[in-house]
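To start, I am sharing the structure in question, which I have written as structure tokens.
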Amino acid sequence: MPDPRDPRGLRGDAPLLDAWLRFTAQAQDGALTPMCVPGHKQRQDLVGPVVAGDAPLYGGLDTIKHADALREEAERRAARLWDADWCRFSVAGSTHGNQALALAAGEPGQEIIVTRSLHRSLLLGLVLAGLRPVWVLPDVDPVTGLPGPVPVAVVRAALAAHPAACAVFLVDPSYVGTTGGLPGHAAAAHEAGVPLLVDAAWAAHLGFHPDLPPHAIAAGADAMVTSAHKALPAYTQGALVLARTGRLAAARLDRAFEATHTTSPAGAIMASIDAARALLARDGKELSGRLLRGVAAAKDRLRQVPGLRVLDGPGVEPAKLVVLLAGTGANGHAVERDLIDAGMPVEMADRDTIVPIVTLADDETTVARFADTLAATVERHRAAPRPPVPAAAWTITPQQALPPREAFFSSNETLAADAAVGRVSAELVAPYPPGIPVLAPGEVVTSAAVDALRTALADGSRIAYAADPSLATLQVVVRPASIRAGE
Ligand SMILES: Cc1ncc(COP(=O)(O)O)c(C=O)c1O
């Protein structure tokens, strides 16, 4: 008789899940009088079931003195699955993973080759680590207005021009699922004697089915960050950082990881990463097959809608469903509102693009229902077709005036946005999703960036992280910190 709390029988291969099941059963049976955190003491009569299932890693899944051994066993199993030799589970998302890798990559002041279509978490990682970005840009497809991978030749040229750079840090797949070139990037980085680090936040499922691309480590990367809570059925915030330690040192990776990780990791999140890994190891091929069939059927269905396009082809991760609306004239923000009303929130919508996330947890029925609802919604909002306009996030050509860290810590002043043009941004401003900064600390505020942000705001996008999300004002650097220091 399978345990209903472990419906697929994963606990035998998932030590953290097994520990969570034991601890929470004990708590449920009233067999615990914990004299340690968490403060809810497993009671649900104070704030209610919002704390149900909460168990700390330390002092919950195992005693404080022994939990590390348990965690290490689970992380070893994940490292083996991804063919890595170092792995850590994070309860703080790929955000933390990106920052951990930035802190492990080099020394303050050193250059690093980084894609400018990076997530804001990595930009802040550069601030924390004091690394100076050498930006490389992805190609943008003029037909779809969406980014592809950064060409290998561009990374090679950047490495040649910046021989002291400490690493190459790319995002693959992109937010819209475009992918490619990792073996070439790995070769270029390795010939230059530096590691290739990959933010694969959306790609925890890659590599476990013959019709899916290999994961970044298999493609030659030295390290990858991935969100277990995005593509895998894990708890929100769960993420993995995986590395091969030839060009990266395990002790430094550990130091960097611990620097900004909580000292109180949630056992439920850790256990769910472990369980998702065990599921992927055993059933990944079967579940990926179901995912691929569902997405392929949805693409076929959506292609029948006049004017609607789906992103597809050799450079696109086949489990990704990205819907291009421009040919239907429908506005993505209006379509999104109807989908929310229908109980089908999507991951991202801007004027021209809808990005639903389909995962191993979906089956053919859920994806088909979504495709039908989307098709009907598009009909309701159909208007004159328009050419797609690439979103601000994909078209930034940054002018770096100061290193991000220096700008971040500089004195700043608040100016009317038009008056800020030509000055150096002190803040990070990103339409979110996708969370790619259009303005970043240290970059010159251009009228193109301000216009692009205003357009995104007027279209209905959420403008995140700006001190003034209405964009009436922007925060700019008064003077560089280095000048002040020298006074
Ligand atoms: C490319 C990329 N990297 C990192 C992250 C951060 O992931 P998390 O939300 O797990 O912290 C995101 C989030 O959307 C992302 O799109």
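I'm checking my understanding of the structure. Among residues of segment 211-257 that are part of a loop (DSSP other than H, G, I, E, B) and polar (S, T, N, Q), which one is nearest to the ligand (Cβ to nearest atom)?
The residue in question is 237.
Have a look at 19, 25 and point out the one that is of a type in the set (A, V, I, L, M), within 21 Å of residue 58 (Cβ to Cβ) and touching a residue at least 40 places away in the same chain (Cβ under 8 Å).
Just a single option satisfies the conditions, and that option is 19.
Something else now. Against the definition (more than 26 Å from residue 337 (Cα to Cα), touching a strand residue (DSSP E or B) at 6+ places or on another chain (Cβ under 6 Å), part of a loop (DSSP other than H, G, I, E, B) and modelled with pLDDT under 95), how does residue 398 come out, yes or no?
Answer is yes for this residue.
Here is a check on your reading of the model: is residue 231 among the hydrophobic types (A, V, I, L, M, F, W, C), at pLDDT 95 or above and more than 26 Å from residue 359 (Cβ to Cβ)?
Criteria not met by residue 231.
Return the pairs, sorted by first residue and then second, in which the second residue is part of a loop (DSSP other than H, G, I, E, B) and of a type in the set (A, V, I, L, M, F, W, C), the first residue lies in segment 77-97 and is farther than 21 Å from residue 10 by Cα and away from the ligand (no atom under 14 Å from the Cβ), the beta carbons are less than 7 Å apart, and the residues are 6+ apart or on different chains.
Sorted first by the residue in segment 77-97, then by its partner, the pairs are 84/217.
I would also like to ask the following. Please work out if residue 225 is in contact with a Lys or Arg (Cβ under 6 Å, 6 or more places away or on another chain), under 23 Å from residue 68 (Cβ atoms), touching a residue at least 24 places away in the same chain (Cβ under 8 Å) and of a type outside the set (Phe, Trp, Tyr).
no
If the requirement is being surrounded by fewer than 19 Cβ atoms within 10 Å (Cβ to Cβ), among the small types (Gly, Ala, Ser) and assigned to a loop (DSSP other than H, G, I, E, B), which of these qualifies: 319, 334, 361?
Answer to the check: 361.
Right, another one. Just to be sure, is residue 138 within 16 Å of the ligand (Cβ to nearest atom) and either over 19 Å from residue 317 (Cβ atoms) or in a loop (DSSP other than H, G, I, E, B) (or both)?
The answer is yes for residue 138.
When segment 463-487 is examined, which residues are found to be under 22 Å from residue 120 (Cα atoms), acidic (Asp, Glu) and modelled with pLDDT under 95?
none
The values are calculated or read from the model by the stated rules, or taken from the named source; none is laboratory data. Computed from a predicted structure; not experimentally measured. Cβ: placed from backbone, ideal geometry, glycine included. Neighbour counts: every protein chain shown.
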